[in-house]
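Notes follow the structure.
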Amino acid sequence: MKKIFTFLLLLLIILPSLVNAQRWKRQRYEFSIGAGVTNFLGELGGANQIGTHYFRDLEFSQTRLAAALGLRYKLSNYFAVNTHLTYGRVSGDDKLTTEKFRHTRNINFFSDIYEWSLNFEGAFQQEQIGHRYRLKKVRGLKGYELYTYLFAGVGVFYFNPKAEFQGQTYNLRDYNTEGQGYVPTRKKYSTIQLCIPLGIGFKYTIDRQWGVGLEFGIRKTFTDYIDDVSTTYIDLSQYQSGEQYDVGQFLANPSDRSDAEAGRITAAGQQRGDPRYKDSYMFAVFSVNYKIKTGRNNLPRF
């Protein structure tokens, strides 16, 4: 009798833990919708010094709005994969820096970014599922918990840099501003590129189904043309006549060429950008998250 009693007591102690350990499988899927901000790290604008890289060259005034949709799938209490569709507009402007050469260059741009990504998450602790109601002072139940994770993945994004001239907006790629297409070593760049998202996220559980989150990530890319600036100035005589002449010359070199020093700095063959370092962009998104119940077939149950 004593052994039976001991066995039942151990079972009562262990069983709740076993049930709780498997609870996450009932809500493996999580849908999210979010809004936030984005910023750009490239050749244009930036700090008041010769171009630096990553966060040292961040221009806060160029922060713009962003939006995202996501679907997350839990692999375990500590690991998950998620996919996102994210939109944001990035921009840069040399007028915002007092550094002599970049300010003289006087180039500006903006581009919409449309990104799809697939990321792997690794957490520092188990995610608390929570109970139906936020019951205070109920022993053994937690209505919320801060959940922290790191993520890395792969993504595809579309961009198309633009600039204005005399009140009209033009696609910079169409004007071959660095000789793409006719200089043998410079091919036209693709507006669809790969990226590697890296970042950190925080989630706050409200109840069994709802939660909120904040995610910050930087995107390493493999292109230096998000801002249409990468190598050297070209001979502006490539633009022969008509609209192409006026628009093309301005977009390729909007500096004050009547100034002798500006003409020297922006002459054909002089440095326009720095091809050694690729462009990057960032997203910081606040999201509302909804857990979807999982059926026996391991698929979402709506």
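The values are calculated or read from the model by the stated rules, or taken from the named source; none is laboratory data. A quick note: this is a predicted structure, and the numbers were derived from the prediction, not measured. Using ideal geometry, Cβ is built from the backbone for each residue, glycine included, and neighbour counts are taken over all protein chains shown.
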Step by step: first the residues of segment 184-217, then only those that are among the charged types (D, E, K, R) and in a loop (DSSP other than H, G, I, E, B), then the one that is surrounded by the fewest Cβ atoms within 10 Å (Cβ to Cβ). Which residue is that? Lys187
If the requirement is being touching a His at 6+ places or on another chain (Cβ under 8 Å) and either under 19 Å from Glu115 (Cβ atoms) or not small (Gly, Ala, Ser) (or both), which of these qualifies: Asp174, Asp207, Asp235? Asp207
Take the residues in segment 218-237 that are polar (S, T, N, Q) and farther than 20 Å from Phe120 by Cβ; name whichever of them is surrounded by the fewest Cβ atoms within 10 Å (Cβ to Cβ). Ser237
Whichever residue in segment 252-285 is farther than 19 Å from Phe101 by Cβ and of a type in the set (A, V, I, L, M, F, W, C) and, among such residues, is farthest from the chain's Cα centre (by Cα): Val285
Would you check which residues across segment 77-94 are farther than 17 Å from Ala66 by Cβ and either crowded, with 21+ Cβ neighbours inside 10 Å or of a type in the set (Gly, Ala, Ser) (or both) and list them? Ala80, Asp94
Filter segment 151-183 down to the residues that are assigned to a loop (DSSP other than H, G, I, E, B), over 30 Å from Phe216 (Cβ atoms) and polar (S, T, N, Q) and list them by number. Gln166, Asn176, Thr177, Gln180
Picking from Leu141, Leu198, Leu146, which residue would you name as being at pLDDT below 85, hydrophobic (A, V, I, L, M, F, W, C) and within 22 Å of Gly36 (Cα to Cα)? Leu146
